[in-house]
Structures are given as structure tokens and as C-alpha cells.
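Worksheet: one structure, shown below.
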Amino acid sequence: MSAIADNLQAVRARMARAVAAAGRPAESVRLLAVSKTMPLAHVIEAADAGQDAFGENYAQEGIAKAGATAGRGLEWHFIGPLQSNKSRPVAEAFDWVHTVDRLKIAERLSAQRPAARPPLQVCVQVNVSGEASKSGCPPEEALALCQAVAALPGLCLRGLMAIPEASDDPAAQRAPFSRLREIYDQIRAAGLPLDTLSMGMSHDLEAAIAEGATIVRVGTAIFGERNYA
Ligand SMILES: *Cc1c(COP(=O)(O)O)cnc(C)c1O
């Protein structure tokens, strides 16, 4: 078995233990393999090992990998910061966007989504770390943004996403995930049919699953350390 296949199996085992510890159904959390900066060959190794959903932070890099693996049935999720002047390729080529944090971006993605493709699946990114983070909408604006996004024809609102500040302390890891879960519950109570909480990465996926994550976004634990050089 390749190193990547081994790593995938280890991550899936961590997820299964966390799901069981939380008393949640076995299939209730999906693994998004974050392949940013990794070569195409590594994506193919992961796909050969059964991984079907990949996350990318840079539009052109993701589009190239999606094009090179077309026909394999892989799903491509955009998880990077979005600038409005760069939204078109994302709207055209990806299946999901996790980082919608303002209405202007949502409107552009909706207008730019090709009519021949299903609506773009989106999560609203919420800033649950306060001052520590620049991206994500403020928690008190999440409901209004979700209501506006839900009304856009080119988008299908699925849920919420957050990237909390990294911490090694399990209790400190859980607090922002718990906060995102509360906001999610409030928005569902207001009548929006959300089904996705995108939270948890290599170092804190257990804490995220304990707090209700339905998608964990894992890079390093699958593909190894990234080299940005
Ligand atoms: C890079 C990245 C990840 C993966 O992080 P790891 O710590 O390598 O698992 C997850 N989510 C987002 C938004 C990222 O940018």
C-alpha cells in the first residue's frame, strides 16, 4: 500500500473512533482530502485508494487537477479565500465552495454558475475566532447572509464552515466548533435546511467531530507537510 493509502486509512480510523465516541452514526462525517500544493500524482494515489472528494485553495491549481482527473467522478471543493474578481473560474469549475463570507461573492458565484451545471454547493464561512481571524462573516450576520444566499438560483446553501485558531488543547479546540454548531442550530431553527458543518483539520478533527462536524478537511495527515517554496 502507498504511504498516502496508509495515511488515508489512518485518518479514516481516527474519524471512526471520534464518531463512535460521540455516539454518532458511522457514515455521518465525510472526509475532504485537502490536496493544495500537492502534485497530481498524489491526488491520483488518493483516488486509487477510494478517496472521492478533494479540497483546493487556489482556483487554477484545483482546475488543473480536476481537468486531469475528469471522468473519475471526483468532487472538487474550493476552500480558499475568495476575491470577487477571481470568482468566475471557481463558479465554473468547482462542485462546492466552503468560503462564502459576504453577499457580493455569493451573488457573483450565483450569476457565474453555468446553467448546464447543478447549483454550486456552498457553505457560509463564519468567523468564530473573533479578532484572531480576518476571514468569515461575523456570527451575528450569519443568519441574514444565509437567508440571502439561500435565495440565489445558482447556489445551493448546505451549511457553515469555520477555520478556528489552531490550538493543542482539546478543550480550547472544541469551543469555537461548539460556537459554530450553535449558530448552525439557530439558522436551522429559523427554517433553513442546512445539513453541513465543515470544520476540523488534521490536528483537531476529533474535537470537530465531537461537536458535530459533517465534513472534516484534512491535508497534512493524508499528504504530509506542504512545501510552499
Ligand atoms: C490547508 C487547509 C486545510 C487542511 O489543513 P491540514 O492542517 O493540513 O489538515 C483545511 N482547511 C482549509 C481551509 C485549509 O486551507
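For the range 122-168, filtered to residues that are under 12 Å from LEU103 (Cα atoms) and small (Gly, Ala, Ser), the residue that is nearest to the chain's Cα centre (by Cα) is GLY136.
Residues in the range 135-143 include at least one that is surrounded by fewer than 19 Cβ atoms within 10 Å (Cβ to Cβ), farther than 16 Å from THR214 by Cα and within 16 Å of the ligand (Cβ to nearest atom).
Selection of the range 200-229 for residues being within 21 Å of TYR58 (Cβ to Cβ) and buried (at least 16 other Cβ atoms within 10 Å of the Cβ) yields MET201, SER202, ILE215, VAL216, ARG217, VAL218, GLY219, ALA221, ILE222, PHE223. A Cβ distance below 6 Å, combined with a sequence gap of six or more or placement on separate chains, defines the contacts here; from the range 24-35, residues that are closer than 22 Å to GLY224 by Cα and within 9 Å of the ligand (Cβ to nearest atom) reach residues that are modelled with pLDDT of 95 or more and charged (D, E, K, R) in the pairs LEU32/ARG217; VAL34/ARG217.
For the range 87-100, the condition holds for at least one residue, the condition being that it is within 16 Å of the ligand (Cβ to nearest atom), aromatic (Phe, Trp, Tyr) and assigned to a loop (DSSP other than H, G, I, E, B). Given the condition among the polar types (S, T, N, Q), within 19 Å of the chain's Cα centre (by Cα) and either more than 28 Å from GLY212 (Cβ to Cβ) or at pLDDT 95 or above (or both), answer yes or no: does some residue in the range 6-16 qualify? No, every residue in the range 6-16 fails to be among the polar types (S, T, N, Q), within 19 Å of the chain's Cα centre (by Cα) and either more than 28 Å from GLY212 (Cβ to Cβ) or at pLDDT 95 or above (or both).
The set of residues from the range 194-229 being over 18 Å from the mean Cα position of the chain (by Cα) and either aliphatic (A, V, I, L, M) or more than 16 Å from the ligand (Cβ to nearest atom) (or both) comprises just one member, ALA229.
Of all residues in the range 17-29, those satisfying the criterion of being touching a helix residue (DSSP H, G or I) at 6+ places or on another chain (Cβ under 9 Å) and either modelled with pLDDT of 95 or more or of a type in the set (Ser, Thr, Tyr) (or both) are ARG17, ALA18, VAL19, ALA21, ALA22, ARG24, PRO25, SER28, VAL29.
The single condition among (1) crowded, with 18+ Cβ neighbours inside 10 Å; (2) closer than 29 Å to ALA210 by Cβ; (3) within 14 Å of the ligand (Cβ to nearest atom) that GLY62 does not meet is (2).
The values are calculated or read from the model by the stated rules, or taken from the named source; none is laboratory data. In this text, all values refer to a predicted model and were calculated from it rather than measured experimentally. Neighbour counts run over all protein chains shown; Cβ positions are idealised from the backbone, glycine included.
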